[in-house]
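Encoded as structure tokens, here's the structure I'll be asking about.
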Amino acid sequence: ELELAVLLEGSSDDIFSLNRQVQRLLISTEPVQVNVRPLPPNAPPAFTGAVGQYSAGFTLARTDVSTDDVLSLRLSISGNGDVKRVQAPTLSLPDSFQVYDPKVLTEETLENLNGELTGKKEIEYLIQPKAAGTYRLQPAFTYFDPVKKQYVTLNEAIFDVTIRQGSQRS
């Protein structure tokens, strides 16, 4: 059921006017049955609930830092689906990195004329290196594509990172 306020004919068109006359109407429709299928089992580790058709990319500002520095890794996601429900994937990194809770930098959702949701989201991870060395990082984003009826993992970005020992010893 939905309650609507309808402006009666002959009353002021100004919504702030005291001379407007409003009638409240209670509207209801026949129930609609929605059939929701479960997602397939055995989702990849980088899957956090994103359903739709997305493109995604990771960027890393610097690849040569010391253990005194913090790396900023950004994930940009866009596509068809409800980006508000897209959670930041857990990064699979060596134990020599501390990952802080990801932060959503931007989030924008639009509905097109066909009623489809599209949107963009940018997430930032701050990563503290704890040990010097050379590391290869390959972050991933996984979503379920309802058209293909399969999980899709995007992990094309590979970052070779050199960590130098800083002034702080672990």
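For E122 and V22, calculate 0.36 nm times their separation in residues minus their Cα-Cα distance, and state this gained length in nm to one decimal.
31.7 nm is the gain from fully extending E122 to V22.
For the range 113-124, in order, what is each residue's ³J(HN,Hα) by Karplus, 6.51 cos²θ - 1.76 cosθ + 1.60 with θ = phi - 60°, in whole Hz (x at glycine and Pro)?
5, 8, x, 7, 8, 10, x, 9, 8, 10, 10, 10
Which is farthest toward the positive dipole end of the chain among G133, S76, S28, measuring Cα position about the Cα centre, with Cβ charges +1 (Lys, Arg) and -1 (Asp, Glu)?
Going by the Cα projections, it comes out as G133.
While we're looking at this one, here's another question. Per the 1.4 Å probe, what fraction of the accessible area of the chain, in percent, lies on carbon and sulfur atoms?
On the way: 5660 of 11720 Å².
Carbon and sulfur atoms account for 48 percent of the accessible area of the chain.
Here is a further query. Could you report the chain's accessible area per residue, 1.4 Å probe, as an integer in Å²?
That works out to 69 Å² per residue.
Could I ask something else about it? If I model a spin label at T90 and F159 as a point 7 Å from the Cα along the Cα→Cβ vector, what separation in nanometres do I get?
My value for the distance between the label points is 2.0 nm.
Return the distance in nm (one decimal) between the two label points of a simple spin-label model at T109 and Q33, each offset 7 Å from Cα along Cα→Cβ.
That separation, rounded to one decimal, is 2.8 nm.
Separate question: Do me a favour and compute the ellipsoid semi-axes for the chain from its Cα gyration tensor, root of five times each eigenvalue, largest one first, whole Å.
Calculated on Cα positions only, the semi-axes equal 48, 22, 12 Å.
Along the Cα→Cβ direction, 7 angstrom out, place labels at Q138 and S55. What is the inter-label distance in nm?
Label at Q138, label at S55, 2.3 nm between them.
The values are calculated or read from the model by the stated rules, or taken from the named source; none is laboratory data. Here the structure is a predicted model, which means the values were calculated and not measured. Reconstructed Cβ throughout: ideal geometry from the backbone, glycine too, with neighbour counts over all protein chains shown. The protein model used for the area step is the full one, side chains on, heavy atoms only, and it has no ligands, DNA or RNA in it. Shrake-Rupley method; radii C 1.70, N 1.55, O 1.52, S 1.80 Å.
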